[in-house]
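Read through the structure below, which is laid out as structure tokens, and then see the notes.
The values are calculated or read from the model by the stated rules, or taken from the named source; none is laboratory data. This is a predicted model, so every value here is computed, not measured. Virtual Cβ from ideal backbone geometry, glycine too; neighbours counted across all protein chains shown. Surface areas here come from the heavy atoms of the whole protein model, side chains and all, with no ligands, DNA or RNA. Shrake-Rupley method; radii C 1.70, N 1.55, O 1.52, S 1.80 Å.
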Amino acid sequence: MQLLLKGGRLIDPPTGRDEVLDLLISNGQIERIGKSLAASTAQIIELKGKIIAPGFIDMHVHFREPGFEYKESIASGCEAAAAGGFTAVCCMPNTDPPIDDESLVHFILGRARIALDGLVDVHPIGAVTAGRKGEHLAPLAELAAAGVVGFSDDGEPVHDAELMRRALEYSAMFKKPIIQHAQEPTLTRGGVANEGYPSASLGLLPMPRIAEEIMVARDIRLAEYTGGQYHVAHVSVAETLDHIRAAKSKGLPVTCEVTPHHFTLIDEVLASFDTNTKMSPPLRTRDDIEALKAGLKEGIIDAIATDHAPHSYDEKEVEFAQAPFGVIGLETALGLAVTELVRKNVISLPQLVEKCSTNPRRILHLPPITIAEGEQANLTIFDPTAEWTVDPSLFKSRARNTPFGGFKLVGKPVGILNNGKVYWC
Ligand SMILES: [Zn+2]
Ligand SMILES: [Zn+2]
């Protein structure tokens with residue numbers, strides 16, 4: 001099977017290439033790159049005005065299998081990923097049972113191979129502690145050998161400093177990051193919203209911003225002490241970035257990601273009492289959004305990740321305090337990133353590609369994707385000017401818990417190519 005991608009703008013940060021070129025793909029491999037290519041047997045796809053980039057990876061999703069398939073299965077999650085323009089995802093281990101031994105890793109990889117015929121690469125993240133209970137370490141060597149790309153107890157922080165120290169020591173040995181849901185839990189007990197005027201006026205128990213900052217500060221010292229690799233999931237407050245900036249300036253292997261909901265929404269939207277605005281960490285303030293955008297621009301924030309967290313309608317259709325944390329994000333991420341970041345001149349399109357592909361792959365020690373002749377085609381194609389309105393009823397995800405229904409966005413995925421397969425969004 002041959003595909004001729006005509007007239008797209010090829011943005012390939014690993015080689016610095018950024019120009020309008022044609023790509024001839026044969027059986028999943030990039031055969032030729034050039035101007036005015038022709039191939040009589042190929043299917044021709046006109047991509048004028050569209051971007052062709054190395055495949056996007058979402059390094060932070062929750063697919064609920066095993067245990068909670070009614071929220072999302074690996075198959076439905078992979079469809080949501082493909083529809084959102086991602087050729088790869090990393091799934092967090094807070095399943096039931098949690099991903100804390102090699103049999104679970106093999107199970108996830110096996111399910112991913114049959115979902116959409118293996119179109120989307122699913123990279124499991126192993127638990128840091130057995131059962132994610134925070135009491136003793138999971139078998140990290142066994143998990144690393146089975147193929148996890150990192151370790152996290154996400155949903156909960158690794159609170160115990162001794163366990164974090166040991167985990168970081170192993171991370172240096174196995175070359176896998178420890179990914180922290182940074183929250184000092186004794187400061188956020190019972191909390192459901194950012195500590196501030198909105199939470200106080202609505203009578204919602206607070207999650208103070210310092211809970212995130214001090215956990216990151218502690219962990220960075222431990223990373224420095226042990227030589228371990230440390231990654232902060234979903235940064236949400238300005239002060240966290242100061243610690244990460246300082247760590248980077250010392251040359252420490254410390255990185256972080258931000259979610260589209262944290263750079264788009266502020267805690268004032270809680271006045272709607274919409275449980276689809278409840279997530280952990282919570283939505284913060286306008287000043288935080290400005291700091292997160294500055295962090296993206298400056299390069300302090302390495303990656304954009306969704307923290308895609310599906311829940312059923314019934315679970316979210318309760319009082320705010322009772323609702324589970326989390327929102328879905330795979331199918332709105334690209335639109336929000338283009339609308340909020342590229343259109344508002346926070347970052348350029350090549351920088352967006354870096355934060356959705358190049359950087360997260362580097363953090364996870366995955367082989368870089370390059371768009372070059374002879375390489376496998378692992379591509380995300382998107383239209384940076386397409387305008388659309390978010391309609392959750394059209395999502396491929398099994399869940400609908402998004403705060404972005406009705407949002408008018410610019411930037412839409414067009415299709416992905418991966419593992420010899422093609423998917424048009
Ligand atoms: Zn988390
Ligand atoms: Zn998460």
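Below are the figures for this structure:
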quantity	calculated
Inter-centroid distance (Cα atoms) of the stretch 297-317 relative to the stretch 134-188, Å	20
Pairs beyond 32 Å (Cα-Cα), from LYS293/LYS396; LYS6/LYS278; LYS250/LYS396; LYS133/LYS316	LYS6/LYS278; LYS250/LYS396
Rg and Dmax [Cα atoms of the stretch 221-356; Å; Rg one decimal, Dmax integer]	15.7, 48
DSSP-loop GluC sites (Glu not before Pro) across the stretch 86-156, with at most 16 other Cβ within 10 angstrom	GLU135
In order through the stretch 411-425: 3J(HN,Hα) via Karplus (6.51 cos²θ - 1.76 cosθ + 1.60), integer Hz, x for Gly, Pro	x, 9, x, 10, x, 9, 10, 6, 6, x, 10, 10, 9, 9, 6
Trypsin sites (Lys or Arg not before Pro) within the stretch 179-227: DSSP coil, no more than 10 neighbouring Cβ in 10 Å	ARG189
Kirkwood-based shape ratio for the stretch 291-349, expressed as Rg/Rh from alpha carbons	1.11
Per-residue ³J(HN,Hα) for the stretch 71-87, Karplus 6.51 cos²θ - 1.76 cosθ + 1.60, θ = phi - 60°, Hz, x for Gly and Pro	7, 5, 9, 5, 5, 5, x, 5, 5, 4, 4, 4, 5, x, x, 9, 9
THR95 accessible area, assembled protein chains, probe 1.4 Å, Å²	10
Carbon/sulfur fraction of accessible area - the stretch 339-393, other protein chains in place, 1.4 Å, %	47
Value of D in µm² per second that Stokes-Einstein yields for the chain, Kirkwood Rh from Cα pairs, at 25 °C (0.890 mPa s)	114
Normalised convex hull volume, the stretch 193-279, alpha-carbon set, Å³ per residue	90
For the chain, accessible area per residue (1.4 Å probe, heavy atoms of protein chains only), Å²	38
Sites LEU394 and MET173 - FRET efficiency at Förster radius 30 Å, r taken between beta-carbons, to 0.05	0.10
